[in-house]
1. Do you know which of the residues in the stretch 62-84 that are modelled with pLDDT under 95 and among the charged types (D, E, K, R) is farthest from residue 9 (Cα to Cα)?
2. If only one of 160, 119, 129 is closer than 26 Å to residue 4 by Cβ and either under 13 Å from the mean Cα position of the chain (by Cα) or of a type in the set (A, V, I, L, M) (or both), which one is it?
3. State yes or no: is residue 235 at pLDDT below 85, surrounded by 15 or more Cβ atoms within 10 Å (Cβ to Cβ) and farther than 30 Å from residue 124 by Cα?
4. List the number of the failed condition for residue 72; all other conditions in (1) within 30 Å of residue 104 (Cα to Cα); (2) surrounded by 13 or more Cβ atoms within 10 Å (Cβ to Cβ) hold.
5. Which residues, counting only those in the stretch 5-60, are farther than 22 Å from residue 90 by Cβ, assigned to a helix (DSSP H, G or I) and free of Cβ contacts under 8 Å to residues at least 60 places away in the same chain?
6. Name, by its number, the condition in (1) touching a residue at least 60 places away in the same chain (Cβ under 8 Å); (2) closer than 30 Å to residue 104 by Cα that does not hold for residue 2.
7. Residues that are exposed (fewer than 14 other Cβ atoms within 10 Å of the Cβ), free of Cβ contacts under 8 Å to residues at least 24 places away in the same chain and not hydroxyl-bearing (Ser, Thr, Tyr): list the helices (runs of 4 or more DSSP H) wholly contained in the stretch 79-194 that include at least 3 such residues.
Amino acid sequence: KQTADILRERMVAEIPSMRVGVSTDAGAHYGPVVTAQHKARVEGWIDQGVKDGAELVVDGRGFSLQGHEKGYFIGPSLFDHVTPEMESYKEEIFGPVLQIVRAASFEEALSLPSKHQYGNGVAIFTQNGRAARDFAARVNVGMVGINVPIPVPVAYHTFGGWKRSAFGDTNQHGMEGVKFWTKAKTVTARWPDSDLEHADSSFVIPTWNTPTAASSSRRCARSGRLAWQSAFVPSRVQARRGRAGGGPRWMRMGPCQPLSMSPFRRCASDRFWRIADLVVILMESKI
């Protein structure tokens, strides 16, 4: 309660200094809403908040900007003692209306944005690193700010909301934006060498049933090529085996090149396959 009272007092003192203006006013903090219908909608939410029992501390309805009296301007508005049951809390207002919802504990404060139907952005202000880390890890919201009021990164980072604050299965900007406009093409190539191929070469799909490390090493050494026992062996894994029988075998082979090098190769006597760097990196990260 003490924290909420202090925050409210500071905001009430700051609101009169906010400047509402047109887009050409460099000193304006914000401008009009987009249409007369949207102005009526925002003012309707203020009416609804009062009707639901919230305390309207600062009322921005009826605001008029000199010289632009017909503009769709709304003054700063502040509600206090808003509860999750109120309609104004459940919906997005999209206007200069701030609502204070009081929580008695950290867990209650964490649950408020997590249970809300929207999950675009949330922020925590604290000097406690443990509380900040716990909040960021557990809150069910797409963008989290720690001592940052608007947690939206620069455009070359991927970001976006969760729940009803998102549309589709990808986020905005960054690599997610690149992937949205990218069509993947997969090319599998084979370059037969008659001196090195088995006599019974045929069209087959690579499987987990690959040769043992020792036999592959000997064959690849004879052919002068480097090989991996399995197409999914990360270089950091050593001497770890999977299920007995047909399961994958995980062993790092001495004469083989590291996974991060390109191209990734199996020996020609094992139907020489090449796999692109990106695929190799993805396989390593999934393991």
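1. Among residues in the stretch 62-84 that are modelled with pLDDT under 95 and among the charged types (D, E, K, R), the one farthest from residue 9 (Cα to Cα) is 70.
2. The match here is 119.
3. Considered against the rule, which asks whether it is at pLDDT below 85, surrounded by 15 or more Cβ atoms within 10 Å (Cβ to Cβ) and farther than 30 Å from residue 124 by Cα, residue 235 comes out as no.
4. Single failed check for residue 72: (1).
5. 5, 6, 9, 10, 13, 14, 16, 17, 36
6. (1)
7. Details: elements: 87-90, 106-115, 129-138, 174-180.
Where helices (runs of 4 or more DSSP H) fall fully within the stretch 79-194 and carry at least 3 residues being exposed (fewer than 14 other Cβ atoms within 10 Å of the Cβ), free of Cβ contacts under 8 Å to residues at least 24 places away in the same chain and not hydroxyl-bearing (Ser, Thr, Tyr), they are 129-138, 174-180.
Each row is one residue, and each column tells you yes or no for (1) over 23 Å from residue 5 (Cβ atoms); (2) in contact with a helix residue (DSSP H, G or I) (Cβ under 8 Å, 6 or more places away or on another chain).
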site	(1), (2)
35	yes, no
48	yes, yes
54	no, yes
57	no, yes
69	yes, no
72	yes, yes
79	no, yes
83	no, yes
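The values are calculated or read from the model by the stated rules, or taken from the named source; none is laboratory data. No experiment lies behind these values; they were computed from the predicted model shown. Virtual Cβ from ideal backbone geometry, glycine too; neighbours counted across all protein chains shown.
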